[in-house]
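Worksheet for the structure shown next.
The values are calculated or read from the model by the stated rules, or taken from the named source; none is laboratory data. Note that the structure is predicted; figures quoted are calculated from it, not measured. All Cβ positions, glycine included, derive from the backbone under ideal geometry; neighbour counts span all protein chains shown. Side chains included, ligands, DNA and RNA excluded: accessible areas come from the protein's heavy atoms. Shrake-Rupley method; radii C 1.70, N 1.55, O 1.52, S 1.80 Å.
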Amino acid sequence: MSGEKPWIGVLALQGAFAEHESMLREMGADCREIRNKQDLTENMAGLILPGGESSVQGKLLRDTGLYDPLRRRIESGMPVLATCAGLILLAREISNDDRRGFSTLPVRVKRNAYGRQLGSFTALDDFAGEGLVAMRFIRAPYIESVLDDQVHILSRHEGKITGVQYRNQLALAFHPELGNDSRIHRRFLEMVRCAG
Amino acid sequence: MEKPNRAEEQYRLNKELAQMLKGGVIMDVTTPEQAKIAEDAGACAVMALERIPADIRAAGGVARMSDPAMIKGIQQAVSIPVMAKCRIGHIAEAQVLQAIEIDYIDESEVLSPADDVYHIDKHNFQVPFVCGAKDLGEALRRISEGAAMIRTKGEPGTGDVVQAVHHIRKINREIAALSALREDELFEAAKTYQVPLELVRYVHEHHQLPVVNFAAGGVATPADAALMMQLGAEGVFVGSGIFKSGNPAKRAAAIVQAVTNYQDPKQIARLSENLGEAMVGINADEIQLLMAERGK
């Protein structure tokens, strides 16, 4: 597929992937759904791991054979934006679950850290470099601790870490794809441009 | 920032939880062991109930909300969202389910209705509700009462997908017809559907429901699930189809993969192989009790 323009892959196994796609399309970025290995081509320049259920996505990643090729790409520096379940898939340690995803992000997260749906909430918190951002937390995780001093903390909610960047991986406990604020996606596209 | 009121904010978060379930399979389970099998097979949520619809149908009598202790056992067994059913119009059962912090309440025609006129005013609750619908009018009436998610009614406990197909096609057809109306015709449409004008306007403008719409009722095979997804469902409930079949774990995992790969017939073929016996099923036109006729 030479001559193809760079595009963003959105993992479309389960969850709120369509919301990321419509946000990227509104910003003029080319994006495609990733459902199996055939969807991966050389010109995929970035990857979005959407919200949903991390246990489902983690299982389907292995069932579909996407796990190894995607992990290799993440390790070789392809920019990734991970939201909510996506953060859990990237985390190296999960304090309350034995399942593991890519384990490429040196942080320890806690799943469903705010409890059940009655614990879901919104917050207006500072996000490094962007100012105040309205954030939506849905049965959300948070980051208990970072395991490498190269991990930059980008946001916190009441002291708990809710957003980090480690090299090519931008990972958030909240959902920037819900609503109209595209600043975080813009930042991610900038990472993709710089990597390209 | 201008703050929307708490109830509006909660309703939006509740609709968004349904968005996170999209592309997934919600499975009926009756024990913590079944819940674990469902979670390991890739269910995005489980519906905790004492008897699956096929057994409710067989047992007859009044079907009620499940024992809260049984639901709590399932909540402890899995990390995915746990849903549970209350009877149509049974405000107190819904309050009990909210008190044990259920993630979603299904105000369900599968149970015996507690009220033959009124559905629950779901705006009075913080936890989200999913409700069944046979057509666009029912869907919008449930949404105006505060439902944060819709599913087709289908005909539960039959293993016969025909009614779910009928319902989703009808909803799609009515959305298309509504979208084609002139703006000055929407007032009459609101009267016909017996729903607020603002909901009619939303569908007219966006060509879709304002909440997520799943398929339910009679889904028994990977191909059934793929059919419902191709017809526009955003995910699938599987009730009796899994734990009434020969190999629940294998069938559950196959249906989960079929929902993700619904556009890929080769995959559906592979997933349909050697699943063992499907639930026996009853033809939806051979049964006495039409659950889908409960609650309009």
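Each row is one residue, and each column tells you yes or no for (1) touching a residue at least 60 places away in the same chain (Cβ under 8 Å); (2) under 23 Å from B:VAL78 (Cβ atoms); (3) among the acidic types (Asp, Glu).
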{"residue": "A:LEU24", "(1), (2), (3)": "yes, no, no"}
{"residue": "A:SER54", "(1), (2), (3)": "no, yes, no"}
{"residue": "A:LEU66", "(1), (2), (3)": "no, no, no"}
{"residue": "A:GLY77", "(1), (2), (3)": "yes, no, no"}
{"residue": "A:CYS84", "(1), (2), (3)": "yes, yes, no"}
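The strands (runs of 3 or more DSSP E) falling completely within the stretch A:1-91 that include 2 or more residues that are in contact with a Lys or Arg (Cβ under 7 Å, 6 or more places away or on another chain) map to A:7-11. Annotation note: of B:ILE56, B:ILE74, the sole residue that is touching a Pro at 6+ places or on another chain (Cβ under 9 Å) and open to solvent by less than 10 Å² (accessible area, probe 1.4 Å) is B:ILE74.
Against the condition open to solvent by less than 30 Å² (accessible area, probe 1.4 Å) and within 14 Å of chain A (Cβ to nearest Cβ), how does B:ILE255 come out, does it pass? Yes. Scanning the stretch A:76-98 for residues that are closer than 26 Å to A:ARG193 by Cα, small (Gly, Ala, Ser) and more than 11 Å from chain B (Cβ to nearest Cβ) turns up A:SER76, A:GLY77, A:ALA82, A:GLY86, A:ALA91. Residue count for the stretch A:130-149 satisfying the condition of being open to solvent by 30 Å² or more (accessible area, probe 1.4 Å) and not in a strand (DSSP E or B): 4.
For B:ARG141, the stated conditions do not hold, so it cannot be described as open to solvent by 30 Å² or more (accessible area, probe 1.4 Å), in contact with a Pro (Cβ under 8 Å, 6 or more places away or on another chain) and away from chain A (no Cβ under 14 Å). Among the residues of the stretch A:96-129, the one identified as assigned to a loop (DSSP other than H, G, I, E, B), acidic (Asp, Glu) and surrounded by 15 or more Cβ atoms within 10 Å (Cβ to Cβ) is A:ASP97. Looking only at residues of the stretch B:15-33 that are more than 7 Å from every other protein chain (Cβ to nearest Cβ) and within 13 Å of B:ALA148 (Cα to Cα), we find that the one that is farthest from the chain's Cα centre (by Cα) is B:LYS15. B:GLY89: on the phi > 0 side of the Ramachandran plot and either of a type in the set (Asp, Glu) or in contact with a Ser or Thr (Cβ under 9 Å, 6 or more places away or on another chain) (or both), yes or no? No, not satisfied.
Of all residues in the stretch A:130-168, those being aliphatic (A, V, I, L, M) and free of Cβ contacts under 8 Å to residues at least 12 places away in the same chain number 1.
Only a single item in (1) among the aliphatic types (A, V, I, L, M); (2) farther than 30 Å from B:ALA258 by Cα; (3) within 11 Å of another protein chain (Cβ to nearest Cβ) is not met by B:MET65, and it is number (3). Considering only residues in the stretch B:189-226 that are assigned to a helix (DSSP H, G or I) and in contact with a strand residue (DSSP E or B) (Cβ under 9 Å, 6 or more places away or on another chain), the one that is surrounded by the fewest Cβ atoms within 10 Å (Cβ to Cβ) turns out to be B:ASP224.
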